[in-house]
Amino acid sequence: MLIQPRRALLKIWQSILSCSLIEQSWGNPGRDGGNSISDAEQLVCLLYPALKIPVLDFSVPDATEPDVLKALSPLGDFAIAPKALAGIVKDYLAAYSDEGRPVFPPGSRVRPLDPAAEPSPGQEELETVEAYSMSVTFSLSALAFIKSFAKQVRGEELTAELRTTEAALDRRLTHAIRGLLDSFAVDVFRKDSPKGATLLRTLSQRHQSEDVLVDRLRSELQPIRAGLRGLSLQASVGPLLADEELLFQCGWSWGPVRSGDDDRLRVAEPVPALYFTVTAMDGIVDFFSRQTLLLGLLSDEQQALAHALRLRWELTQSYWTALARFGGAHWPLADPPWRPTYNEGEDSDYATLQVASVVVHNLMHRHGADDVTPVDDLTPLAEVLEELAARGGITRRPLADARTVELHDPGELVPLPGSERCGPALGLRVSDYAPMLLKRMLQLAGLTPDLRQRDRLLSVADDLVDHLWHRRLARGPAAGLWDAPEAVYAHRVAASTAPSWDVTERVVEVLVVAATAVNTPLARSTLLAEIVEEILRDAEQLYAQEVMRRPVGHSANNPLDGVESALRRARDIASARPGVAVALAIEALRELDYLALARDRAVRGD
């Protein structure tokens, strides 16, 4: 792997502080300007790695590593830096609250689909799933930092300030969870509708009758339909779900879905969108991460709300995984591009990546539950990710007349249906194809027990790392951050030297995944386990024969004592660290062979 997570993250921190601190005043120099999402992403780049990677934690001044202190030195020394960052978090919370109520203005992250139009004042207040999900990650990371730092503080004034900040973070987190719950959507439609036709065309991999296809789909989705009917959904959805002649889809819309009430912030159509579904799911997994549970970051109310979100998360990942794998032997996902039903007529490799991301979520969930992931479940997905790297113009030269480069620059345009209720129709431009693909590659590589498959995934991941590292900004105060796609795609027009916080934050997520993988035991390899067993069996047999040849009696320098210790250690760790066990067994074999050779020479009188 080309990634060195610790070094890369510290360099990113230095670049962030270099461009964000102007005369010791914190600001957002990003190309999207200041808004609740970009400002949170900017801070998450600092806070999230410190939460997930213990050696990068800076909340305990006396225990902070020297290289971490050096990276944070623009904020001050070991005692001042955490206090300064706590103040920046406090200022963020104050900027995005209205009389104590958290607000989530998207700013220029959402824009009219018509370049000549201007968003209405009401649209500037719309709340989005992207804002909620990023607020979950930000709030949990900041809460962990503030709670830990508060334990090191002695002054009453600073202690009171940190408690106020903690309370504000708690309110923001609760609002974000409720927002995600309000944005969950179930869409029910007829099989002969445009949505139904698109779905069936996507799933049909062979020449089979539509009736057979629909019957099998209904059967596979029956448990998910039953689970959805047990949730608190819109009044009109329940009766429709009960009609098993109708098809359905579930996931997250772009924001709180419209209801019968006249709520100016609830205008999103109740139609799931893949981008926002994956965005929501990436935030929700933070609720049941090891750090969140161990640090007790959630209140009782938040735990109840997070449980409701987890039910929706599990049903959603089961739904999309069922579609991706429908038919068994040949997955529909393996025949890109995926056809999203909400945007009929456009085939999208980005949509394929989003569905693959949900399947990765499903596999990681199953792996965490039983610690076993069959290779047959991983191989098709690994092949899809490799194909997406090629189709994305990363491991294969992009075609000049294709949409390949547009996946990265300017990115995929995601419409926000329903936004036209309060102004011009809006859309969201996303360009995180490469970092998202790399993240899924690394996550899947951590699950596979097949060493050859893992090596193939990591080989493609190296190409993705090289691609992304070439896209760093090369000049200006934000040099070292992202995104400069023109550095890879030479025919593109040079972009601003200002950083893109969304792409930079996605790269930080990748580095956190890579760092976590370093400290995570590899998935058990059946082949390596068999090799360890065979070598140990041979070594133990030779050791027993050598013991039989030697007279019984104590010897202070008995060379077999070391051999016995090595074999015992190898047997003890064979399951957890098979590679080390092989090395120990081979060393024992080398010593046994030396003893046999010495004995033969003595017999021959050499």
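The values are calculated or read from the model by the stated rules, or taken from the named source; none is laboratory data. Since we're looking at a predicted model, the values are computed, not measured. Glycine gets a Cβ as well: all are built from the backbone with ideal geometry, and neighbour counts include every protein chain shown.
Would you mention how many residues in the stretch 179-220 are polar (S, T, N, Q), farther than 30 Å from D98 by Cβ and in a loop (DSSP other than H, G, I, E, B)?
Applying the first criterion (polar (S, T, N, Q)) to the stretch 179-220 yields 183, 193, 198, 202, 204-205, 208-209, 219.
Among the residues that remain, those that are also farther than 30 Å from D98 by Cβ are: 193, 198, 202, 204-205, 208-209, 219.
Cutting the leftovers down to in a loop (DSSP other than H, G, I, E, B) gives us 193, 204-205, 208-209.
The qualifying residues number 5.
Given the conditions (1) buried (at least 21 other Cβ atoms within 10 Å of the Cβ); (2) modelled with pLDDT under 90, which single one is not true for S348?
Only one criterion is unmet by S348, namely (1).
Of A160, A167, which residue is under 14 Å from S97 (Cβ atoms) and without any contact (Cβ under 8 Å) to a residue 12 or more places away in the chain?
A167
Go through the stretch 47-68 and give me each residue that's within 21 Å of L158 (Cα to Cα) and not charged (D, E, K, R).
Narrowing the stretch 47-68 to residues within 21 Å of L158 (Cα to Cα): 47, 57-64.
Matches in the stretch 47-68: L47, F58, S59, V60, P61, A63, T64.
Here are some residues: K195, K191, K147. Which one is modelled with pLDDT of 95 or more and in the same structural domain as L305 (by TED's automatic domain parsing)? Working first, answer last.
On the way: K195 fails: modelled with pLDDT of 95 or more; K191 fails: modelled with pLDDT of 95 or more.
The match here is K147.
Among (1) touching a residue at least 24 places away in the same chain (Cβ under 8 Å); (2) assigned to a helix (DSSP H, G or I); (3) out of contact with any Ser or Thr (no Cβ under 6 Å at 6 or more places or on another chain), which single condition is A176 missing?
Answer for A176: the failing condition is (3).
For the stretch 1-41, which residues satisfy the criterion of being polar (S, T, N, Q), more than 20 Å from the chain's Cα centre (by Cα) and crowded, with 19+ Cβ neighbours inside 10 Å? Working first, answer last.
If we filter the stretch 1-41 for residues that are polar (S, T, N, Q), which is where we start, we get 4, 14-15, 18, 20, 24-25, 28, 35-36, 38.
Now restrict to residues that are more than 20 Å from the chain's Cα centre (by Cα): 14-15, 18, 20, 24-25, 28, 35-36.
S15, S20, N28, N35, S36, listed by residue number.
For the stretch 149-173, enumerate the residues that are touching a helix residue (DSSP H, G or I) at 6+ places or on another chain (Cβ under 8 Å), part of a helix (DSSP H, G or I) and of a type outside the set (D, E).
Initial filter on the stretch 149-173 (touching a helix residue (DSSP H, G or I) at 6+ places or on another chain (Cβ under 8 Å)): 149-150, 152-153, 158-159, 161-166, 168-170, 172-173.
From what is left, the residues that are part of a helix (DSSP H, G or I) are 149-150, 158-159, 161-166, 168-170, 172-173.
Once the filter is applied, which keeps residues that are touching a helix residue (DSSP H, G or I) at 6+ places or on another chain (Cβ under 8 Å), part of a helix (DSSP H, G or I) and of a type outside the set (D, E), the stretch 149-173 yields F149, A150, L158, T159, L162, R163, T164, T165, A168, L169, R172, L173.
Restricting to the stretch 416-431, and then to whatever is within 23 Å of the chain's Cα centre (by Cα) and not hydroxyl-bearing (S, T, Y), can you tell me which residue is surrounded by the most Cβ atoms within 10 Å (Cβ to Cβ)?
Within the stretch 416-431, the match that is surrounded by the most Cβ atoms within 10 Å (Cβ to Cβ) is L428.
Restricting attention to the stretch 3-48, which residues are farther than 28 Å from T516 by Cβ and of a type in the set (A, V, I, L, M, F, W, C)?
L21, I22, W26, listed by residue number.
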